[in-house]
Amino acid sequence: MEKNITIIKGDGIGPEIVDEAIKVLQAIAKKYNHTFTYTEVLMGGASIDAHGVPITQETIDIAKSSDSVLLGSIGGDTNTSPWYQLEPKLRPEAGLLTIRKELGLFANLRPAYLYNELKEACPLKPEIIEGGFDMMVVRELTGGIYFGARETKEIDGQLVATDSLAYSETEIKRIVKKAFEIAMKRKKQLISVDKANVLDSSRLWRKIVNELASDYPEVTVEHMLVDNCAMQLVRDPKQFDVIVTENMFGDILSDEASMITGSIGMLSSASLRDDSFGMYEPSHGSAPDIAGTNKANPIATILSMALMLRYSFGLSKEALEVEQAIEKVLQQGYRTVDILSKDKTLVGTKEMGDLIVANL
Ligand code: NAD
């Protein structure tokens, strides 16, 4: 297989962690006879320094003409970096919002998986996490209340603020369809989360989920109210396989789901659209406090790259091999500093990448 990948290393630890992901990807390419070509472009602070803007048209065009994008992370220390003296539309994060919009990435996937070896980092009681958990939160990314009309105006002598939440059938259908397709590649269990006892947008959401369910008879579908879901995630996380939900509920629930894994340096993410194109990045930020020190955990980025193999290139076997190699390295007792515990061996960013390659 031949694929062109846009590489955006970004700021802070971005270049270090992306280099390790490419190292592992090259090892997979060699083993399975694939050819991956890389075009590196700038975004975020690095683009501000080079071009005065957080993203250029050239970066957008190169990303659009490639098969997928692998991103490190962007941004700097928000208290001290001169990037944050700039007006909001010129700051690093504006590049990220622009590229998501330009590429039409409406589905955000955030897996939350509890590694047996990292159970002690999980804030839940041992009896709750016995047997682990492995879920995927599929969040709608370009609609809903974050993109609806908003205003603050004075009515009868006091300020009143309004945000509107609107979803069209098309917007709901495409994300729900994506979630069904993902469920088909997993345990075939879909939980759709809404607030259908109150919101019209949720009632339309539920209707469309029920309609699409007939196209996927193998998938078990359940509806759950968002307040109940927030409780169930900490009461019994192993009941979840795929969760699909609208933008704001997904924002909150995906952070809750990632928190219960206990390790920010391990969490991957993918942003997808209708076709196979996707942008893959770790869930964490650019960690400017440890940039350039070979301390960053590259696993979230390497897992994001594995998602790229699975969802953009259809290479499930290769993706699983990367995931299993990571599990083996953890079993062997190697840890970066963020997941270090008693009696484990501390390794740096580069060494972690080498160990994963050695276990492929
Ligand atoms: P952060 O995720 O960068 O860091 C939070 C803490 O976690 C820090 O102590 C950091 O050292 C640690 N950490 C994060 N990733 C790690 C890793 N892979 N290995 C080891 N330790 C890790 O969050 P923050 O400090 O709030 O934000 C820093 C910058 O990142 C800000 O500019 C923020 O806007 C940006 N940010 C970018 C993205 C993105 O690119 N998608 C996401 C979140 C934050």
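The values are calculated or read from the model by the stated rules, or taken from the named source; none is laboratory data. Just so it is clear, the model here is predicted, and its values are computed rather than measured. Counting neighbours? That spans all protein chains shown, and the Cβs are built from the backbone with ideal geometry, glycine included. Just the protein is used for accessible areas: all its heavy atoms, side chains included, with ligands, DNA and RNA removed. Shrake-Rupley method; radii C 1.70, N 1.55, O 1.52, S 1.80 Å.
Is it the case that residue 89 is among the charged types (D, E, K, R), within 16 Å of the ligand (Cβ to nearest atom) and without any contact (Cβ under 8 Å) to a residue 24 or more places away in the chain? When the stated conditions are applied, residue 89 passes them.
Within region 87-124, the residues that satisfy the criterion of being open to solvent by 60 Å² or more (accessible area, probe 1.4 Å), of a type outside the set (D, E, K, R) and part of a helix (DSSP H, G or I) are 88, 97, 116. Does residue 186 fit the bill of being within 15 Å of the ligand (Cβ to nearest atom), modelled with pLDDT under 95 and of a type in the set (Lys, Arg)? No: the conditions fail for residue 186. Within region 125-137, at least one residue is in contact (Cβ under 8 Å) with a residue 12 or more places away in the chain, outside any strand (DSSP E or B) and touching an Asp or Glu at 6+ places or on another chain (Cβ under 8 Å).
What are the residues in region 3-40 that are in contact with a His (Cβ under 9 Å, 6 or more places away or on another chain) and not aliphatic (A, V, I, L, M), if any? If the condition is that a residue be in contact with a His (Cβ under 9 Å, 6 or more places away or on another chain) and not aliphatic (A, V, I, L, M), then 3 is the only one that fits.
When 350, 328, 344 are checked against the criterion of being closer than 16 Å to residue 27 by Cα, open to solvent by 40 Å² or more (accessible area, probe 1.4 Å) and more than 8 Å from the ligand (Cβ to nearest atom), a single residue qualifies: 350. Number of residues in region 290-325 that are outside any helix (DSSP H, G or I) and either surrounded by fewer than 14 Cβ atoms within 10 Å (Cβ to Cβ) or without any contact (Cβ under 8 Å) to a residue 40 or more places away in the chain (or both) equals 3.
Consider region 74-86 and keep the residues that are touching a residue at least 24 places away in the same chain (Cβ under 8 Å) and either in a helix (DSSP H, G or I) or not hydroxyl-bearing (Ser, Thr, Tyr) (or both). The one that is nearest to the ligand (Cβ to nearest atom) is 75.
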